[in-house]
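In what follows, a single structure is set out as structure tokens and then discussed.
Just so it is clear, none of the values below were taken in a lab; they were calculated from the coordinates. Source: prediction; values computed, not measured. Glycine gets a Cβ as well: all are built from the backbone with ideal geometry, and neighbour counts include every protein chain shown.
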Amino acid sequence: MNLELPYLPDGREILYVSIEDSFMAEAKRASEELSKDSGHPIGAVLVMDNEIVARGANGSDHHLLHGCERRKQNIPTGEGYELCPGCSPVNHAEQSLLATIEQEGKDVSGADVYLYGHWWCCESCWGRMIEVGIRDVYLVEGADKLFRK
Ligand SMILES: [Zn+2]
Ligand SMILES: [Zn+2]
């Protein structure tokens, strides 16, 4: 699949798996159980040595309490994160995932991220994932059709 993504670091690619994949199914479950963004739930799991070592999801209480400044202004995907504390990349599923393992001080270099609910990863999230040594990012097949709004 050679899809044009809004952002992808040099030398990186996104890998795609079916929703039947057990790790992707767990990422979907994380989006359903853990996300604080009911309008756009995103979930992620971190897989190391064929085992899930962390689960994360997007969102914060900001949207519940104040709504979303970006949504009110119809800001396109990937833009204007600074306008809304609820949309800050620290609330993205990838970074909430990494925050949990960081607290435990776990070395996760070589681990893979499975992300459900989105069709690309932003620059900030890629930066953090590369920093901790994430190997590959997996999205669900057809993610752009499912999640591109
Ligand atoms: Zn927002
Ligand atoms: Zn992000």
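Side notes on the structure shown:
- Hey, Tyr114 within 20 Å of His40 (Cα to Cα), more than 16 Å from ligand 1 (Cβ to nearest atom) and of a type in the set (Ser, Thr, Tyr) or not: yes
- Of the helices (runs of 4 or more DSSP H) contained entirely in region 18-77, those carrying at least 1 residues that are under 13 Å from the mean Cα position of the chain (by Cα) fall at 22-34.
- Residue satisfying all of: in region 97-136; near ligand 2 (Cβ under 10 Å from one of its atoms) and not in a loop (DSSP other than H, G, I, E, B); farthest from Ala54 (Cα to Cα) among these: Glu123
- The number of residues in region 77-91 being touching a Lys or Arg at 6+ places or on another chain (Cβ under 9 Å) and not β-branched (Val, Ile, Thr) comes to 9.
- Boolean, Tyr7 is touching a Cys at 6+ places or on another chain (Cβ under 7 Å) and touching a residue at least 12 places away in the same chain (Cβ under 8 Å): yes
- Number of residues in region 90-133 that are under 16 Å from Ile14 (Cα atoms), crowded, with 22+ Cβ neighbours inside 10 Å and without any contact (Cβ under 8 Å) to a residue 60 or more places away in the chain: the value is 3.
- Take the conditions (1) surrounded by 20 or more Cβ atoms within 10 Å (Cβ to Cβ); (2) without any contact (Cβ under 8 Å) to a residue 40 or more places away in the chain; Glu69 misses just one of them, which is (1).
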